[in-house]
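A.B. asks: This structure is in C-alpha cells; I'll ask about it shortly.
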Amino acid sequence: MERRDFLRGSAASTGAAALGGLATAGTAAAGPARSGPLEVRVLVYDGVEEQDVIGPVAVFGHAGHAGGEVRLTLVKPGGPGEVAGTFGTKLAVPGTWEPAAGDVLVVPGGGYAAKDGPGVNALIKQPGVLRGLVRAQRSGVLVAGVCTGVMALAAAGLTRGRPCTTHHLAKADLAAQGGQVVDARVVDDGDLVTAGGVTSGLDLALWLVTRYLGAAVAVGVESVLEYEQRGAVWRRS
C-alpha cells in the first residue's frame, strides 16, 4: 500500500468525531511500505519560532543517520529566499512550497501574541497559504502543526470537528474555531497531526519517525539527541 493511500484511508471525517484512546511510540508499527525516502517539507516564514523549526529538523535529520530514509527541505510561500525567526535567526530557504509535493508538511508556529507583527498571524492573512494547506491535505500530504502553527491549520479549516492540540495559550482560540481540543502533547488523527507548545515539535517529529520509519529508528534518534519522547500520543482507536 502506498503511503498516500494509507493516509487517505486513515483520515477521520471532518465532521464531529468521538474522541479515541492513547498510544505510545513503542506500540506503533513501522508504517506502510514505501519506495524512496520519506519526503518532509517544513514551511517557514518571517517570525517563525526557531525551536518549532529546529526540533523537527534535528529529529528528521538524525533519522536519516539512524537507518531511516528521509529527505527534508525547508520551503516558504512565494519561493526560495531568507526568513528571520522570532529571535532574529536567519534561515536560508532553498525550496519553493508546492503544496501537493512531499509526504509530510510541518507547519511551525511563532509570534502568535503579536497580532500585527511578523509570525503566524501574518501567515494566516495570506489566502494563498490557506488554500495551499487545504490542497496539501487533499493531495494526500500528512499535515502536521507545531505549537501555534496549528492556528494556521485552523484558519484553513483543517482542524474543524477534529481532535487537535496547540500551545496552551492558544487552546481557547483553537476550540473557538471548531477544533476538538485534546490535552495531549501530540495528537494523531490520521492525516492531521498536531503538537503543543514549542518543544513539543521534538515529540511530534519522533512520533512521525516511529509511525513511518519504525521504533528502532526513533530510538536511535533519541539516543543521539539524548532526549526521550515525552507523554503519551493521543491517537484515534
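The values are calculated or read from the model by the stated rules, or taken from the named source; none is laboratory data. Here the structure is a predicted model, which means the values were calculated and not measured. Note that we place each Cβ from the backbone using ideal geometry, even for glycine, and neighbour counts take in every protein chain shown. Only protein heavy atoms, including side chains, enter the accessible area calculation; ligands, DNA and RNA are left aside. Shrake-Rupley method; radii C 1.70, N 1.55, O 1.52, S 1.80 Å.
A.B. asks: Compute the FRET efficiency between Arg135 and Ala176 as 1/(1 + (r/R0)^6), taking r as their Cβ-Cβ distance and R0 = 22 Å, and round to the nearest 0.05.
C.D. replies: Using R0 = 22 Å, I get an efficiency of 0.30.
A.B. asks: Taking +1 at the Cβ of each Lys and Arg and -1 at the Cβ of each Asp and Glu, which of Gln177, Ala218, Trp234 sits farthest along the dipole of the chain towards its positive end, judged by Cα position relative to the Cα centre?
C.D. replies: Result: Gln177, furthest along the dipole toward the positive end.
A.B. asks: Also, quick follow-up: Only four residue types carry charge here, +1 at the Cβ of Lys and Arg and -1 at the Cβ of Asp and Glu. Report the dipole size of the chain about the Cα centre in Debye, rounded to the nearest 20.
C.D. replies: 640
A.B. asks: Let me ask you something else. Radius of gyration and Dmax for the chain's Cα atoms, expressed in Å?
C.D. replies: Rg, Dmax (Cα atoms, Å): 16.0, 45.
A.B. asks: Shifting gears a bit: List the aspartates and glutamates whose Cα sits under 16 Å from the Cα of Lys171, skipping any in the same chain fewer than 8 residues away.
C.D. replies: Straight-distance partners of Lys171: Asp183.
A.B. asks: Evaluate E = 1/(1 + (r/R0)^6) for Ala216 and Glu98, where r is the Cβ-Cβ distance and R0 equals 30 Å; express this FRET efficiency to the nearest 0.05.
C.D. replies: Efficiency at R0 = 30 Å is approximately 0.45.
A.B. asks: If I model a spin label at His168 and Thr73 as a point 7 Å from the Cα along the Cα→Cβ vector, what separation in nanometres do I get?
C.D. replies: A separation of 3.8 nm, rounded to one decimal place.
A.B. asks: Return the single residue from Thr210, Thr166, Thr96 with maximal mean-square fluctuation; model: Gaussian network over the chain, springs between Cα atoms under 10 Å.
C.D. replies: Between Thr210, Thr166, Thr96, it is Thr96 that shows the largest mean-square fluctuation.
A.B. asks: Could you order Lys125, Lys76, Lys115 by accessible surface area, starting with the largest, using a probe radius of 1.4 Å? Write down the numbers at each step before the final one.
C.D. replies: On the way: Lys125 130, Lys76 35, Lys115 100 Å².
Listed by decreasing accessible area, they come as Lys125, Lys115, Lys76.
A.B. asks: Quick one: the Cα spread of segment 97-160 along its three principal axes, in angstroms, biggest first?
C.D. replies: 32, 23, 20 Å, listed from the longest principal axis down.
A.B. asks: Considering only protein heavy atoms and a probe of 1.4 Å, how much of the accessible area of the chain is carbon and sulfur, as a whole percent?
C.D. replies: Here carbon and sulfur together make up 54 percent of the probe-accessible area.
A.B. asks: Largest first, what is the accessible-area ranking of Arg236, Arg135 with a 1.4 Å probe?
C.D. replies: Arg135, Arg236
A.B. asks: Here's another thing I want to ask about it. Using a cut-off of 14 Å between alpha-carbon atoms, which aspartates and glutamates can reach Lys125, once sequence neighbours fewer than 8 places away in the same chain are excluded?
C.D. replies: Result set, ordered by chain and number: Asp46, Asp116.
A.B. asks: Tally the DSSP beta bridges in the chain and give the antiparallel ones as a percent, rounded to 5.
C.D. replies: Roughly 30 percent of the DSSP beta bridges within the chain come out antiparallel.
A.B. asks: Report, in order of residue number, the helices in the chain meeting two criteria: a C-alpha extent of 18 Å or more along the helix axis, and a mean Kyte-Doolittle hydropathy of at least 0.0; treat each whole DSSP H run as one helix.
C.D. replies: Result, helices passing both filters: 50-63, 200-213.
A.B. asks: For the pair His65/Thr199, report the inter-label distance in nm, with labels modelled 7 Å from Cα in the Cβ direction.
C.D. replies: Placing both labels 7 Å along Cα→Cβ, they lie 2.2 nm apart.
A.B. asks: Leaving out ligands and nucleic acids, note down the accessible area per residue over the chain with a 1.4 angstrom probe, in whole Å².
C.D. replies: Each residue of the chain exposes 40 Å² on average to a 1.4 Å probe.
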